[in-house]
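First comes the structure, then the notes that go with it.
The values are calculated or read from the model by the stated rules, or taken from the named source; none is laboratory data. What you are looking at is a predicted structure, and each value in this text was computed from that prediction instead of being measured. When we count neighbours, we look across all protein chains shown, and the Cβ atoms used for this are built from the backbone with ideal geometry, even at glycine. Each accessible area value is taken on the protein alone, full model and side chains, heavy atoms only, with ligands, DNA and RNA left out. Shrake-Rupley method; radii C 1.70, N 1.55, O 1.52, S 1.80 Å.
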Amino acid sequence: MRVTTVLKEIELLKKLSNAFGPSGNEEDVAEILKTELEEYADETRVDKLGNIFFYHNGKEGYPKVMLSAHMDEVGFIVTFIEENGFLRFETLGGITNNIMLGQRVLLKGEKGYLKGIIGTKPPHIMTLEEQNKVIPKEDLFIDIGADNFNQAQEKGAEVGTIGVFDVEFTDIGDGYFRGKAFDDRAGCTVLAEAFKSMKDSPYNIVAVGSVQEELGLRGARTAAWQVDPDYGLALEGTFVADVPNTRPDRVSSKIKGGPVITILDKTVFTHPVILKTLIKVGREEAIPFQFKKVPMGRTDAGAIHLTKAGVPSGTVAVPCRYIHGPASIMHIDDLRNAIKLVTEFVKAISVK
Ligand code: CO
């Protein structure tokens, strides 16, 4: 039985990770969530910005709990096409200059997908100083194999064409998985599995796949306004720093340390009711968890908790190494424990 469950979760994560969904273009991810969750929901709808909502209408008197996972991933947008066919670009969301060079990218052109690579001039013609420095974004370009401006356009590349890292989801053994966009498709997986597991519960739950988180928590802002929840929980894939050359106090979280509970980040100071409930259920149900120890980053909770008169909110995340890069690494145990923690949280906070 256990194997089947693991596979089911991973099958969904794989579909979500491989899906194309840079900020503002989350339809494919929403479609996967819809296929997965529609039959479990009393109502499913998509709003004008593209946020998708799954309602589980429980019994009267229980608070309304909003679970939110963002569907978008960091990506690229074409800003200029050179005469010789190379594409200049800007990033959608935070991608640092030092991890872009040489990466494979997938662009969604007017006539279908385009495969490319992020290039720069070869090291052989660089000065020693140039070879040893991080190449700024301004000196990078996307090469889609076009001879010139016209051919790039004929292939379907335009100013405004969007793209993502081109990385296939891979099982790398021993419960570890490698893939792109675990931020936040890991959170989307937790959202889906937690929602499904509470199908017959008396609680009032709204699961939201939000848009444009990576551009500033934009979808969650309008989604929370519509849901008007009593409590909010953002589900994330968060950064991990259990890697060489990291000072102990900078190890924000660890792989296999359990779901990461935010106390403080750049946009939210977790409400004590939320924090205490998460800690309580984690301890009582013997679900391993860890606190985010470096108060950086931002999540949908930052937008949700400032909705209308305010919504007690927090964040639970799957620890993932190398987020906002081409590929992340995560472990199945953390995913499964995050699903458990979120499910138990909803039960515990749902008091009449
Ligand atoms: Co995220």
Dipole-positive endmost among ILE32, ASN98, ILE263 within the chain (Cβ charges, Cα centre): ILE263
Accessible area of region 171-273 belonging to carbon and sulfur atoms, whole % at 1.4 Å probe: 50
Test item: Cα-centred dipole of the chain, Lys/Arg +1 and Asp/Glu -1 on Cβ, debye: 1200
For region 75-165, the spread of Cα positions along each principal axis, largest first, Å: 41, 28, 17
Hull shadow area, averaged, region 255-335 [alpha-carbon convex hull, nm²]: 5.7
Radius 9 Å from Cβ of VAL251, net charge of other residues (Lys, Arg +1; Asp, Glu -1): +2
Label-reachable residues, region 321-344, where backbone N falls under 19 Å from a point 7 Å from LYS276's Cα toward its Cβ: 344
From the C-alpha gyration tensor of the chain, square roots of 5λ in Å: 36, 22, 18
Set of lysines with alpha-carbon distance to LYS293 below 21 Å, sequence-local pairs under 8 removed: LYS254, LYS256, LYS266, LYS276, LYS280
Dipole magnitude (debye, nearest 20) for region 75-165, charges at Cβ of Lys, Arg, Asp, Glu: 360
Set of lysines with alpha-carbon distance to LYS115 below 17 Å, sequence-local pairs under 8 removed: LYS155, LYS180
CD proxy at 222 nm, helix term only [per DSSP H run n ≥ 4: -39500 (n - 2.57); per residue of the chain; nearest 500]: -8500 deg cm²/dmol
Linear extension gain, LEU101 paired with ASN132, 0.36 nm per residue minus alpha-carbon span: 9.8 nm
Selected from PHE20, PRO202, PHE169, residue furthest toward positive end of dipole (the chain; charges at beta carbon): PRO202
Distance in nm between pseudo-label sites at ASN18 and GLN151 (7 Å out along the Cβ direction from Cα): 3.1
Under 10 Å, Cβ to Cβ, from ALA146 - net charge with Lys/Arg +1 and Asp/Glu -1: -3
Listed residues ASN150, VAL227, VAL316: farthest to the positive end of the dipole of the chain (Cβ charges): VAL316
Heavy-atom accessible area per residue - the chain, 1.4 Å, Å²: 45
